[in-house]
1. Which distance in Å, rounded to a whole number, links the C-alpha centroids of segment 1-70 and segment 194-222?
2. Sorted by accessible area (1.4 Å probe), largest first, how do I146, I262, I41 line up?
3. Amide H to amide H under 5 Å from Y173: which residues, 5+ apart in sequence or cross-chain, H placed 1.01 Å off N in plane?
4. Near the amide H of G76, under 5 Å away, which other amide H atoms are found, from residues 5 or more places off or on another chain, if H is placed in the peptide plane?
5. Could you please put M73, M235 in sequence from largest to smallest accessible area, using a 1.4 Å probe?
6. For the Cα atoms of the chain, what angle does the longest principal axis make with the long axis of helix 35-57, in degrees from 0 to 90, nearest 10?
7. Tell me, what ³J(HN,Hα) does each residue in segment 101-111 have, in order and in whole Hz, if you take phi through Karplus 6.51 cos²θ - 1.76 cosθ + 1.60 with θ = phi - 60° and put x for Gly and Pro?
8. Probe of 1.4 angstrom, ligands and nucleic acids ignored: what's the accessible area per residue over the chain, in square angstrom?
Amino acid sequence: MLDGFMVYLLFFTRIPIKYEFKDFEKTFKNSIWFLPIFGLIYGGLLGIIFGLSLFLLKSLEISVVILIVMDAMISGALHFDGLADTADGLFSGRSPERMKEIMRDSRIGSFGTVALISYVMLFFFALKELLTQLFMPNAIVQLGNIIPAAIYVAGIYMVSKAGMAFMHWNYKYANEQGQGKISENIPKYQIIISQVLSLVIMPLIFSWKAIVAYLITCLVLYGYKLFVHKKINGMTGDTLGATCQIVNVVFVLALLIINNVINYIHLIL
């Protein structure tokens, strides 16, 4: 378990820790079941930062901005970069090989810029609205609603890593060589365990609504995967990394929609 935690800590963050692995790639492949748990720990760190911001600043808006900024800083903007590169490549209208070349280019283009701005805006407003409805209906920040909101935030990052684990099912790398090749041939039982663990934990954090929201998210991810395969005949490290940002937005929007639909039903009844 320690090896699994350390392999993802070194892979997904810029926290400067030295750790020796007998076989980094093998440890990565055999620890996919642990990926959502790592997401919960990572989200817990962000949740603490978010909670402290709420406590000290008494502003939900500023705290959500700090959350997004700290996610980018701690992760080295790894998934932000993946989202931008994916948008630049897939929407370039070029050949599959040229799309993959564009994704490998370190420069950001128009589609990548739009994708990043869209992600930040959607995640900011959706999360702000959801937390307001659930914990701060009167826009009053109190100690009693700070902790539940921080736990909620931690859970969202667990779900994002659960979605990434889900995307490893029948993963096909689109390039001959590259960092994304490490995600090939992941044992399917590892992915199943990761999903079962996630589905058990989600209701404890979010209630039963999270199960429905996650199923909706997985349907969107499946459609996204089909779209990527159609474009470049497989996945890359960038398209896989973009999954986390897609999950963040889709899952929070799904929770918000479910919550609003239930409220509408209560009003009608």
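The values are calculated or read from the model by the stated rules, or taken from the named source; none is laboratory data. Quantities reported herein were computed from a predicted structural model and do not represent experimental measurements. For the accessible areas, the whole protein counts, side chains as well, though only heavy atoms, and no ligand, DNA or RNA atoms are used. Shrake-Rupley method; radii C 1.70, N 1.55, O 1.52, S 1.80 Å.
1. 19 Å
2. I41, I262, I146
3. It is M235, by chain and number.
4. Result for G76 returns R14.
5. Largest to smallest exposure gives the sequence M73, M235.
6. 40 degrees
7. Result, rounded to whole Hz: 5, 4, 5, 7, 5, 6, 7, 9, x, 5, 5.
8. On a per-residue basis, 49 Å².
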